[in-house]
Amino acid sequence: MTPSTDSLDAIEAIVIGASAGGIEALNHILPALPANFRPAVLVVVHVRSEPPSLLPALFSARCQLPVVEPDDKDEIAGGTIYVAPPGYHMLVEPDCTISLSVDPPVRFSRPSVDVLFESAALCFADTLLGVVLSGANDDGARGLVAISQAGGRCWVQDPHTAVADAMPLGAIARGGAHDILTLDVMAARLARMGVGTRREHG
């Protein structure tokens, strides 16, 4: 697959999905985001459903950007990392606010990567970057296709570098991946994209 260029300055939001092995992957790429990073970052990790989640504190200790667990109807702000709360789907509404849902699990998961990706594609369209990381099922494959069809960019972790390769392989098999990247390359690209004046949505 031909690598894309790093000309991603139009990206306003990044959605990331991960499952088994995903916390390690996120701990590799999220700390690479500089303090003046402009896009908003929305993250779904398959975790146990009982609150509280330890992920915001875990990532905050290593990241230059604020890491929060959003409330329903929160406005999406650039330069902020939003981590889906345990037991809730995290969606992006048409007005680019966050919605939390207790609808049934999708692909056996709540939060679901597909639910986040598909809803974000409707809001951000060609200003969205979708990222699928390590995981043990194919959640996120359908959503990555939706992002691609909306004009967004799509990255998938190189399955050979993933703790669990089912999620990356599922996304690649669906044809949604524009780029298949190691975590080092992802981190380097993210570190030099989308910096500057932050925009707020909603």
> Could you list, in sequence order, the residues of segment 24-42 that are among the hydrophobic types (A, V, I, L, M, F, W, C) and over 14 Å from residue 161 (Cα atoms)?
Replying inline: 30, 32, 33, 35, 37, 40, 41, 42
> Can residue 36 be described as modelled with pLDDT under 95, surrounded by fewer than 19 Cβ atoms within 10 Å (Cβ to Cβ) and polar (S, T, N, Q)?
Replying inline: yes
> Looking at this structure, is residue 111 of a type outside the set (Lys, Arg), touching a Phe, Trp or Tyr at 6+ places or on another chain (Cβ under 8 Å), more than 29 Å from residue 160 (Cβ to Cβ) and surrounded by 19 or more Cβ atoms within 10 Å (Cβ to Cβ)?
Replying inline: no
>> Take residue 193 and tell me if it is touching a residue at least 40 places away in the same chain (Cβ under 8 Å), in contact with a helix residue (DSSP H, G or I) (Cβ under 7 Å, 6 or more places away or on another chain) and crowded, with 17+ Cβ neighbours inside 10 Å.
In response: no
> Is one or more of the residues making up segment 160-171 in contact with a Ser or Thr (Cβ under 9 Å, 6 or more places away or on another chain), of a type in the set (Val, Ile, Thr) and closer than 26 Å to residue 87 by Cα?
Replying inline: yes
> If only one of 117, 108 is aromatic (Phe, Trp, Tyr) and in contact (Cβ under 8 Å) with a residue 40 or more places away in the chain, which one is it?
Replying inline: 117
> Which members of segment 85-111 meet the condition of being under 18 Å from residue 133 (Cβ atoms) and at pLDDT 95 or above?
Replying inline: 90
> Condition test on residue 168, is it surrounded by 24 or more Cβ atoms within 10 Å (Cβ to Cβ) and either touching a residue at least 24 places away in the same chain (Cβ under 8 Å) or under 12 Å from the mean Cα position of the chain (by Cα) (or both)?
Replying inline: yes
>> All but one of (1) of a type in the set (Asp, Glu); (2) more than 12 Å from residue 15 (Cβ to Cβ); (3) in contact with a Lys or Arg (Cβ under 6 Å, 6 or more places away or on another chain) hold for residue 114; state the number of the condition that does not hold.
In response: (2)
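The values are calculated or read from the model by the stated rules, or taken from the named source; none is laboratory data. Just so it is clear, the model here is predicted, and its values are computed rather than measured. When we count neighbours, we look across all protein chains shown, and the Cβ atoms used for this are built from the backbone with ideal geometry, even at glycine.
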